[in-house]
Amino acid sequence: MSSNRVSRPLRRVVVTGMGAITAVGNTAPATWEAFVAGRSGVATVTQFDPDLFPSRVAAEVKNFDPGAFIGPKEARRMARCSQLALVAGREAVADAGIDWTQEDMERVGVILGSAVGGLELAIDPIRRFYVDGNLRLLPYIAIELLANMPAFHVGLEHGCLGPLSTTVTACAAGTQAFGDALELIRRGTTDVMLTGGSEAQINLLFFAGFSAMKVLTTQNDPPEHASRPFDLERDGFVIGEGAAIFILEELEHARRRGARIYAEVLGQSASADAYHAAVPDATGMGPVRAMRWALADANLTPEVVDYINAHGSATQANDAAETAAIKRVFGDHAYNLSVTSTKSMIGHSFGAAGAIEALATIQAVYTDTIHPTINLHTPDPVCDLDYVPNVARRKPVNVAMSNSFGLGGQNACLVFAKYQE
């Protein structure tokens, strides 16, 4: 039977704007500067009293007054993750220099990642109810705690009328949202996408839950040394928060308006472990599939990759499994790769983690600079790749990969390259 369908080549997609607010910087440039300097954003928790828990450190966003950006009344009823996304999205749009009055807003969409959303809006009222029996709620709390609210607020502010979606795949959410946005532009549904991730879960429930799982670091003193990916003495991750938002554009659209191009997005993938809710398969086969599929999607061979921004969570099992997976995918070339963990500086921000790490990966491609993995002082024989310990490195980075592996066996991967005509 003949088909009437006409196959079309995938459209090229580039990154033209970036915004971020993280534990080490309240803008994308400040964040990148701190990454290159190897500056830790981990400190003793201030958002609640952490003395109940063996882990008392977190990577909190600092000196952030949402009312200064959003307006006090609106900020009070908005979840912190939505506040962070709104500010980062505003920066990304300004950085891209895009003029919405010149755009068909039906071809502009938003896809963000968030693992949980505004959970903190419910925690304090429930706690107060059990203390004094008074259940006082902010207006719209049942709406604002939803995971899709960061994407809604970003889309509302910029008048985006195209697809609006939220990817909720735990620690892989920011990366998978980026990949989903890529596909919408590739197939011609949209011309411009705002994408990335936002998360703010430094709260009693997250600390209690992950403390019970014994996956948080207990190396509290000094806090800046707590997150130790790939180090022999790593003992768990640090909870972080933050947001990173990007402007993705179809290449010809970006060219027509004379946009600066940070990098081209060549490939993406997602895979599942189908193994365990929290424990990674020691063989790393889920991440292996994600990396292989992302390379295939980019039409690249492993040998052309220069740099991998690893998931690198600093748990014993995850770092070992990721190292094994990289070796399986890249073979002997694994030892030529530079591999780093951004989480060594900003902890693990769950749904925002992959987005913030995409920023570091894109900047590596754009600047030929690879940020270090800090706190890596005691080599682990199992983790024997080049993790760029403690000091940034200048090196040509033509192709780079960013990995995110989440609770529930969720894996996602992105491939970036230097833009070439």
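The values are calculated or read from the model by the stated rules, or taken from the named source; none is laboratory data. All values reported here derive from a predicted model rather than from experimental measurement. Positions of Cβ are generated from backbone atoms using ideal geometry, with glycine treated the same way; all protein chains shown enter the neighbour counts.
Take region 137-163 and flag every residue that is part of a helix (DSSP H, G or I) and over 16 Å from VAL87 (Cα atoms). Scanning region 137-163 gives ILE141, ALA142, ILE143, GLU144. The residues of region 82-121 that are in a helix (DSSP H, G or I) and of a type in the set (A, V, I, L, M), listed by number, are LEU84, ALA85, LEU86, VAL87, ALA88, ALA92, VAL93, ALA94, ALA96, MET105, LEU121.
Just so you know, in region 1-57 the residues that are at pLDDT below 95 and of a type in the set (Lys, Arg) include one that is surrounded by the most Cβ atoms within 10 Å (Cβ to Cβ), and it is ARG8. Scanning region 373-421 for residues that are farther than 23 Å from LEU295 by Cβ and of a type in the set (A, V, I, L, M, F, W, C) yields ILE374, LEU376, VAL382, VAL391, ALA392, LEU407. Here the condition is being closer than 28 Å to THR167 by Cβ, among the aliphatic types (A, V, I, L, M) and either assigned by TED's automatic domain parsing to the domain that holds GLN219 or part of a loop (DSSP other than H, G, I, E, B) (or both); of VAL365, VAL397, it holds for VAL397 alone. Restricting attention to region 254-291 and to residues that are among the charged types (D, E, K, R) and in contact (Cβ under 8 Å) with a residue 40 or more places away in the chain, the residue that is nearest to ASN336 (Cα to Cα) turns out to be ARG289.
Looking at region 211-234, which of the residues that are small (Gly, Ala, Ser) and assigned to a helix (DSSP H, G or I) is surrounded by the fewest Cβ atoms within 10 Å (Cβ to Cβ)?
ALA212
Buried (at least 17 other Cβ atoms within 10 Å of the Cβ) and in a loop (DSSP other than H, G, I, E, B): is that true of THR190 in this structure? Judged against the criteria, THR190 is a match.
Mind listing whichever residues of region 336-374 are over 23 Å from ILE21 (Cβ atoms) and buried (at least 24 other Cβ atoms within 10 Å of the Cβ)? Reasoning before the result, please.
As a first pass, look at region 336-374 and keep what is over 23 Å from ILE21 (Cβ atoms): 336-339, 368.
The one that is over 23 Å from ILE21 (Cβ atoms) and buried (at least 24 other Cβ atoms within 10 Å of the Cβ): VAL339.
Out of VAL154, VAL192, VAL215, one residue alone is assigned by TED's automatic domain parsing to the domain that holds PHE53, closer than 26 Å to ALA277 by Cβ and touching a residue at least 60 places away in the same chain (Cβ under 8 Å). It is VAL215.
I'm checking my understanding of the structure. Among residues of region 32-51 that are in contact (Cβ under 8 Å) with a residue 40 or more places away in the chain and outside any loop (DSSP other than H, G, I, E, B), which one is nearest to MET345 (Cα to Cα)?
PHE35
Only one residue in LEU138, LEU84, LEU52, LEU121 is within 30 Å of TYR366 (Cα to Cα) and hydrophobic (A, V, I, L, M, F, W, C). Which one? Break it down stepwise before answering.
Working: LEU138 fails: within 30 Å of TYR366 (Cα to Cα); LEU52 fails: within 30 Å of TYR366 (Cα to Cα); LEU121 fails: within 30 Å of TYR366 (Cα to Cα).
Going through LEU138, LEU84, LEU52, LEU121 in turn, the sole match is LEU84.
When you look at ILE141, is it modelled with pLDDT under 95, in contact with a helix residue (DSSP H, G or I) (Cβ under 9 Å, 6 or more places away or on another chain), outside the structural domain of ILE308 (by TED's automatic domain parsing) and more than 30 Å from LEU248 (Cβ to Cβ), yes or no?
Values: modelled with pLDDT under 95: yes; in contact with a helix residue (DSSP H, G or I) (Cβ under 9 Å, 6 or more places away or on another chain): yes; outside the structural domain of ILE308 (by TED's automatic domain parsing): yes; more than 30 Å from LEU248 (Cβ to Cβ): yes.
When the stated conditions are applied, ILE141 passes them.
Pairs are defined by a Cβ separation below 8 Å, a sequence spacing of at least 6 or placement on different chains, a first member in region 292-307 that is closer than 12 Å to ALA334 by Cβ, and a second member that is small (Gly, Ala, Ser) and surrounded by fewer than 18 Cβ atoms within 10 Å (Cβ to Cβ); the pairs so defined are PRO302/GLY331.
Within the group GLY174, GLY159, which residue is under 22 Å from CYS413 (Cβ atoms) and not assigned by TED's automatic domain parsing to the domain that holds PHE405?
Details: GLY159 fails: under 22 Å from CYS413 (Cβ atoms).
Every option except GLY174 fails the conditions.
Scan ALA208, ALA243, ALA181 and give me the residue that is assigned by TED's automatic domain parsing to the domain that holds PRO50, hydrophobic (A, V, I, L, M, F, W, C) and surrounded by fewer than 20 Cβ atoms within 10 Å (Cβ to Cβ).
Working: ALA243 fails: surrounded by fewer than 20 Cβ atoms within 10 Å (Cβ to Cβ); ALA181 fails: surrounded by fewer than 20 Cβ atoms within 10 Å (Cβ to Cβ).
Every option except ALA208 fails the conditions.
Consider region 59-98 and keep the residues that are farther than 19 Å from ILE202 by Cβ, among the aliphatic types (A, V, I, L, M) and touching a residue at least 40 places away in the same chain (Cβ under 8 Å). The one that is surrounded by the most Cβ atoms within 10 Å (Cβ to Cβ) is ALA92.
So for region 358-366 (the condition being small (Gly, Ala, Ser), more than 19 Å from ILE247 (Cβ to Cβ) and touching a Gly at 6+ places or on another chain (Cβ under 9 Å)), does at least one residue qualify? Let's see the steps before the verdict.
Step one: filter region 358-366 for residues small (Gly, Ala, Ser), giving 358, 360, 364.
Filter once more, keeping what is more than 19 Å from ILE247 (Cβ to Cβ): none.
No, because not a single residue in region 358-366 is small (Gly, Ala, Ser), more than 19 Å from ILE247 (Cβ to Cβ) and touching a Gly at 6+ places or on another chain (Cβ under 9 Å).
Among the residues making up region 377-390, those that are surrounded by 13 or more Cβ atoms within 10 Å (Cβ to Cβ) and in a loop (DSSP other than H, G, I, E, B) are VAL382, ASP384, LEU385, TYR387, VAL388, ASN390. Failed condition for LEU359, given (1) in contact with an Asp or Glu (Cβ under 8 Å, 6 or more places away or on another chain); (2) closer than 23 Å to ALA59 by Cα, with all others met? Here LEU359 clears every test but (1).
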